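Here is the structure we will look at.
The values are calculated or read from the model by the stated rules, or taken from the named source; none is laboratory data. This one's a predicted model, so the numbers in the text were calculated from it and none came from an experiment. Note that we place each Cβ from the backbone using ideal geometry, even for glycine, and neighbour counts take in every protein chain shown. Ligands, DNA and RNA are stripped out before the accessible areas are found, and what is left, the full protein with its side chains, is counted by its heavy atoms. Shrake-Rupley method; radii C 1.70, N 1.55, O 1.52, S 1.80 Å.
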Amino acid sequence: MAVADARARREELSLDLLRARLASGLTGAAAGRRAGMSQSKVSKVETGRLLPKVVDVQRLADVYGVSPEARRKLLSLADKVWSDAGHRRAVLHRGVARRQVAVARTEAAASTVRAFSICGVPAPLLREVRPGRTLVAVLSEGALRSASEHWDRLRALSLLPDVELGVIPWYTPVTLPDAGFVVLDETMVVFDLVSGNVVITDQDDVRGHLKTFRRLHRSAVFGDAFRRLLDVVCADYRRLVSRRAP
């Protein structure tokens with residue numbers, strides 16, 4: 001399936017539905033009421049922002065009183081557009097699966113994993129530490145403070161010989177990225193987002209993120225300084241809890 005053809009069919013369907021409504025003399029609100037849908041939905045269908053179901057197109061065609069030939073065309077287009085969408089979802093699903101396999105293989109083979117988090121604990125710190133692998137992680141203080149359930153684990157990790165765990169204190173004058181990321185050796189960068197992960201393998205981009213990570217690393221405190229800051233964070237949390245207790 002050509003992407004351009006699928007896009008053209010969807011645009012044609014949207015435009016034909018708009019023309020049919022205008023020809024009927026109905027407003028979007030009136031058409032929506034008669035077809036059992038909101039004016040907003042009618043508008044989104046006509047502008048291509050919403051893919052209408054075949055039954056939606058049937059209802060609109062009936063409301064607009066289009067000719068039998070025009071009705072057949074609309075329903076045929078709607079059927080093809082939904083077929084296009086199903087194919088695209090299948091392709092995206094396969095693409096996501098392949099990407100996840102590639103990330104898993106790269107991570108399994110990586111000798112050095114670098115992770116930065118601006119919110120929460122990065123995934124590599126929650127997995128079993130593999131002997132012989134170097135794990136370097138930098139957290140913002142906000143990320144550390146929001147992870148009370150993991151403080152004991154982070155303290156223990158900070159004592160391991162192959163783990164370098166640091167935190168950037170709030171008072172440090174450094175610009176933080178908008179999102180956390182993981183660098184696997186010098187070959188791949190992974191961003192874990194709510195909607196899925198973003199994978200970067202372009203070597204210029206990977207080097208750019210390594211440069212960013214080194215800048216963040218220079219702003220962090222490690223070792224005893226990390227554990228002292230963790231003690232402060234834990235004490236702040238206990239005071240907050242005690243104040244809220246009845």
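Residue 215 to residue 39: FRET efficiency via 1/(1 + (r/R0)^6), r the Cβ-Cβ distance, R0 41 Å, to the nearest 0.05? Write down the numbers at each step before the final one.
Numbers: r = 51 Å, r/R0 = 1.23.
That pair, residue 215 with residue 39, gives E of 0.20.
Report the gain in length on full extension from residue 19 to residue 55: 0.36 nm times residue separation, minus Cα-Cα distance, nm rounded to one decimal. Working shown, then result.
Numbers: separation 36, 0.36 × 36 = 12.96 nm, distance 1.86 nm.
The residue 19-residue 55 span can extend by a further 11.1 nm.
Tell me what the chain gives for mean residue ellipticity at 222 nm when only DSSP H runs of n ≥ 4 count, each as -39,500 (n - 2.57), the sum divided by the residue total, rounded to 500 deg cm²/dmol. Could the numbers behind the result be given before it?
Values: 9 runs with 141 residues, N = 246.
Value at 222 nm, helices only: -19000 deg cm²/dmol.
Which value, in debye to the nearest 20, gives the size of the charge dipole of the chain about its Cα centre, when Lys and Arg are +1 and Asp and Glu are -1 at the Cβ?
Values: 40 positive and 27 negative charges, 153 e Å.
Roughly 740 debye, rounded to the nearest 20.
Taking 0.36 nm per residue of separation and subtracting the Cα-Cα distance, what length does fully extending residue 29 through residue 105 add?
Numbers: separation 76, 0.36 × 76 = 27.36 nm, distance 5.31 nm.
22.1 nm is the gain from fully extending residue 29 to residue 105.
Working from Cα positions, state the angle (0 to 90°, nearest 10) between the long axis of helix 3-24 and the longest principal axis of the chain.
Compared with the principal axis, the helix lies near 50 degrees.
Tell me the angle of helix 203-218 to the major Cα principal axis of the chain, expressed in degrees between 0 and 90 and rounded to the nearest ten.
Once rounded, one gets 40 degrees.
In whole percent, how big is the carbon plus sulfur part of the accessible area of the chain, probe 1.4 Å, protein atoms only?
Working: 7640 of 14280 Å².
C and S atoms contribute 53 percent here.
Region 170-219 to region 118-133: how many Å between their Cα centroids?
15 Å
Please give every one of the aspartates and glutamates within straight-line cross-link reach of residue 73, meaning a C-alpha to C-alpha distance under 12 Å, and leave out same-chain neighbours fewer than 8 residues apart.
Residue 73 reaches 12, 16.
What does DSSP give for the chain in terms of the percent of beta bridges that are antiparallel, rounded to the nearest 5? Kindly include the intermediate steps, with their values, before the conclusion.
Details: 14 of 26 bridges.
Beta bridges within the chain, antiparallel portion: roughly 55 percent.
Mind checking the per residue accessible area of the chain for me, 1.4 Å probe, whole number of Å²? Provide the component values of the computation, followed by the final result.
On the way: 14280 Å² over 246 residues.
Accessible surface, normalised per residue, equals 58 Å².
Can you work out the Karplus-derived ³J(HN,Hα) for every residue in region 105-113? Use 6.51 cos²θ - 1.76 cosθ + 1.60 with θ = phi - 60°, whole Hz, and x for glycine or proline.
Those phi angles translate into 5, 5, 5, 5, 8, 5, 8, 9, 10 Hz.
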